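Contents: one structure, followed by commentary.
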Amino acid sequence: MDGLRPRAGLHYPRSVGEFQSWFGTDADCLDYLDWLRWPEGFVCPRCGHGGGWAVADGRYKCVACGGRTSVTAGTLFDRRRTPLTVWFTACWMFASQKDGVSALSLQRSLEIGSYPTAWAMLHRLRSVLVRPGRDRLTGTVEVDETYIGGEEPGLRGGRAKGKKSLVGVAVELRQPRGYGRCRMGILRDGSAASLHPFVTEHVEPGATVITDAWKGYSGISKLGYIHEPRSQRAARARGDDPGELLPGVHRVASLAKRWLLGTHQGSVDEAHLQGYLNEFVFRFNRRGSRSRGLVFHRVLELAVAHDPVRYRDLVVNPQPKAAPPVPAGHTGAPAEHGPPSSGAAMESILTWVSPVREYARGAIMQEPTSPREVPHPLWDPPSPYGEPGAVPKRRGHGSPPAGRLQHERHGVHHQLR
């Protein structure tokens, strides 16, 4: 999509109705990811050679090295267990709702089996929102810090260190009024060793940086910036409101805190705070977008260009998977499935399984005319497809994918299974 501006209705859906008609099956979603990842045709991620063809297992085979690659391999959707229809619906809710969506709301809306699954899906989406090599802030930029967290008894104000997180905020100022883009990041402390890297990472050299008179900002002018410090003490002496010295960063910080308290009920752990700040910055910088479908398109573009994010990368203290408990007296050999050998167990079976009871008495075993009402846990394991003849379901989301999807792109026909 380089050099081509996406068009509504052609490159992304304009409404919920179009979204539902475009992405009804996993095959439709896979076709869209294929187009986003390789808009000019398949390019092998191993050797970088262009050209290949779709094979029977749904992957692409490179014409040069012969390597096989699936559409989702090496992307955010790599080795996913959740159907793509659920992923796309989560992305649409994530992008289309102005205030975003919490993990609990996502779980309830999509009927996801567990809360950790919904939580991990949203955090995976937050991890792709920072585009590598994105442009830094330019022009006139306000820079300040704020604390995010609840009230702490006995902790004085200012930059006193406590359990709260110190967050740096930078906002572009537009003339004659208004604000442009913003950046937010967690700071270790309020010293120059933390503030100077924050400024150089997010503000383009040559810009005018407006800060307060905190000593941690001293020396910014030596880094290639035009520094304009504003003293709160001098403002009080003049009778002015010190809170009006940096209105841009104060407004952005207030909006971020209100968003965390509203959408996420303030339930944000310090270890994952940067991910939530990245989401807020992503939304704030696209607040003027006329189409929510374009935001959905951008999120998927970033997702297919991002490396896989595993669950162990998201949790704070990943623990090794616990081994299943070994029953007492078990030697480690796999248990053989079959009728129990003890008389007590056999007697319990003879009380409710009529075909087995007739067989045990020496009668000729015949095909039962009706299915047994109570299945035995060893002899009748539960079927993943429900009742005999039932259509397999995928966790209650959508319908099974279509058999083959044929599409034409750039004059080349592809077949996906």
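Values as computed for the structure displayed
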quantity: Phi-based couplings in Hz for segment 88-97 (Karplus 6.51, -1.76, 1.60; Gly and Pro marked x); calculated: 5, 5, 5, 5, 5, 5, 5, 8, 7, 7
quantity: Packing-based order for 224-231, 65-72, using average beta carbon neighbours within 10 Å, highest first; calculated: 65-72, 224-231
quantity: Order by protection proxy (mean Cβ within 10 Å, highest first), peptides 104-113, 79-88; calculated: 79-88, 104-113
quantity: Residue-wise HN-Hα coupling along segment 31-47, computed from phi with Karplus coefficients 6.51, -1.76, 1.60 (Hz; x: Gly, Pro); calculated: 5, 5, 5, 4, 5, 5, 6, 10, x, 9, x, 4, 10, 5, x, 7, 9
quantity: Residue pairs, from the table 98/164; 98/222; 215/257, whose Cα atoms sit over 30 Å apart; calculated: 98/222
quantity: Considering only segment 99-248, percent of DSSP beta bridges that pair antiparallel, nearest 5; calculated: 65
quantity: Long-range HN-HN contacts of residue 74 with modeled amide H, under 5 Å; calculated: none
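Since every read-out is calculated from the coordinates, none of them should be taken as a lab result. Computed from a predicted model, the values in this text were never measured in an experiment. All Cβ positions, even for glycine, are placed from backbone atoms using ideal geometry, and neighbour counts span all protein chains on display.
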